[in-house]
Amino acid sequence: MNPLRRLWAVVIKELRQIRRDRISLVMIVMIPVVDLLLFGYAINYNPRGLDAAIADQAVTATSRAAVMDLQATGVVDTVAVVDSPQQLVEMLRRGEISVGITIPPDFERRVLDGRPAMQVMVDGTDTVVQAAANQIAQLPLEDPGGHRAARAAPQIEVVSFYNPERRSAVSIVPGLIGIILTMTMTMFTAMAIVRERERGNMELLIATPLARGELMVGKVLPYAAIGLIQTTLILVLGFWFFDVPLRGSLLDVYLASLLLIFANLAMGLLISTHARTQFQAIQVAMLVFLPSILISGFMFPFAGMPDVVQWGAEALPMTQFLRLVRGIMLRGASIWELWTSILALGAFTAVTMALAIARFRKRLD
């Protein structure tokens, strides 16, 4: 036979095999489409609409005009009005806002004297938010006469809480816990059922008196212990090499990590009930892992994404975990103060695990 014909026969064989592999066909289309949409549409380095609260102690026409000017920039979006700067600090600690704006009682006098007349408090756990707040500091303030005189120095003072040195490691290391747990936990369990089928162990499991739920939970628990070991390793290395602070409870960090671990394990099991081979399981796991990195707020600013992308990101366990771990480690918040993220992770785990158990069948087909 001609070598070219033999080569062509192999090519045809591979194309037919790919055509029969429905998951691979979906991945061929989905991966470039998802990448294009995420990088071209969802990711924006200039965050807009940062949740902000205002403490206007001057309560004058000039101070209200200054607040309107800040909102007109599009960088901040006022979600609350409070009475004192102390309330702003507490809201920052609980993660309810990213920016707190304080206007002192002598605001107009400060503007006329050319002194700092407004203070912007920023949640420094996200360095991108700090950079956006620095843009606000360049805004000229209007004096009581309606004039905007050029100032030698900014009249808006930016104060960074929780990371005044703007060290990127402080915000990255807590997020790395979530990234590593998402990658390893989802990947390990995505191949769990598939591996049993490929190795011929499914016949033994079918013969056991185990219920479907017992088998699935038994598959999950060993990996949960592995996830806690990984969490400990990242924490120790983060403290050792990068001096990452732990302002909250270590127990709360482990509880938050467990919530993410079980959410990712449930997702991995659901993937394993769809995949027929370990290669397919890895493909689908990577498709889930990609948005967890890009739109959860770990790599790119969450506030810079379109609303529809933010709504989708809220369903990702990684998004909720980032709020938990950064709040606990960097802001010193209690895990129970961040109860909305706890509920979101719990609901995700329950629904995903129920779907995985419902799809799993103790049979070879």
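The values are calculated or read from the model by the stated rules, or taken from the named source; none is laboratory data. What you see is a predicted model; the values in this text were computed from it and never measured. Don't worry about glycine lacking a Cβ; one is built from the backbone with ideal geometry, like all the others, and counts go over all protein chains shown. Heavy atoms of the whole protein, side chains included, go into the accessibility calculation; ligands, DNA and RNA do not. Shrake-Rupley method; radii C 1.70, N 1.55, O 1.52, S 1.80 Å.
Output the residues belonging to the stretch 334-357 that are assigned to a helix (DSSP H, G or I) and either closer than 15 Å to ASP126 by Cα or polar (S, T, N, Q) (or both).
Within the stretch 334-357, THR340, SER341, THR349, THR352 meet the criteria.
Test ASP252 against the criterion of being in contact with a helix residue (DSSP H, G or I) (Cβ under 6 Å, 6 or more places away or on another chain), charged (D, E, K, R) and over 19 Å from ILE179 (Cβ atoms), and give yes or no.
Here the answer is yes, as ASP252 does meet what is asked.
When the stretch 334-352 is examined, which residues are found to be small (Gly, Ala, Ser) and open to solvent by 30 Å² or more (accessible area, probe 1.4 Å)?
Once the filter is applied, which keeps residues that are small (Gly, Ala, Ser) and open to solvent by 30 Å² or more (accessible area, probe 1.4 Å), the stretch 334-352 yields SER334, ALA344, GLY346, ALA347, ALA350.
If we scan the stretch 274-281, do we find a residue that is open to solvent by less than 20 Å² (accessible area, probe 1.4 Å), touching a helix residue (DSSP H, G or I) at 6+ places or on another chain (Cβ under 8 Å), within 13 Å of THR189 (Cβ to Cβ) and not acidic (Asp, Glu)?
yes
Suppose we filter ARG326, ARG331 for residues that are modelled with pLDDT of 90 or more, in a helix (DSSP H, G or I) and either open to solvent by 60 Å² or more (accessible area, probe 1.4 Å) or farther than 27 Å from ALA190 by Cα (or both); which single one remains?
Going through ARG326, ARG331 in turn, the sole match is ARG326.
When you scan the stretch 281-291, do you find a residue that is within 30 Å of MET91 (Cβ to Cβ), assigned to a helix (DSSP H, G or I) and at pLDDT 80 or above, even just one?
Yes, because at least one residue in the stretch 281-291 is within 30 Å of MET91 (Cβ to Cβ), assigned to a helix (DSSP H, G or I) and at pLDDT 80 or above.
Take the residues of the stretch 298-312 that are of a type outside the set (Gly, Ala, Ser) and over 11 Å from the mean Cα position of the chain (by Cα): which is surrounded by the fewest Cβ atoms within 10 Å (Cβ to Cβ)?
In this case the residue turns out to be ASP307.
Run LEU237 past the list (1) over 25 Å from VAL351 (Cβ atoms); (2) within 21 Å of the chain's Cα centre (by Cα) and report the number of the one that doesn't hold.
Here LEU237 meets the rest and fails (2).
Pairs under 6 Å by beta carbon, first residue of a type in the set (Val, Ile, Thr) in the stretch 43-66, partner exposed (fewer than 14 other Cβ atoms within 10 Å of the Cβ) and at pLDDT 85 or above, six or more apart or different chains?
If the second residue must be exposed (fewer than 14 other Cβ atoms within 10 Å of the Cβ) and at pLDDT 85 or above, the pairs left are ILE54/VAL81.
As an exercise: evaluate PRO154 against (1) at pLDDT 75 or above; (2) open to solvent by 60 Å² or more (accessible area, probe 1.4 Å) and give the number of the one condition it does not meet.
(1)
Considering only the stretch 126-151, state which residues are modelled with pLDDT of 75 or more and part of a loop (DSSP other than H, G, I, E, B).
Within the stretch 126-151, ASP126, ALA137, GLN138, LEU139, PRO140, LEU141 meet the criteria.
Take ALA263 and decide whether it is touching a Phe, Trp or Tyr at 6+ places or on another chain (Cβ under 7 Å) and surrounded by 23 or more Cβ atoms within 10 Å (Cβ to Cβ).
Criteria met by ALA263.
Testing LEU270 on (1) within 17 Å of the chain's Cα centre (by Cα); (2) crowded, with 17+ Cβ neighbours inside 10 Å, one condition comes back false. Which one is that?
Evaluating LEU270 over (1) within 17 Å of the chain's Cα centre (by Cα); (2) crowded, with 17+ Cβ neighbours inside 10 Å leaves (1) as the failure.
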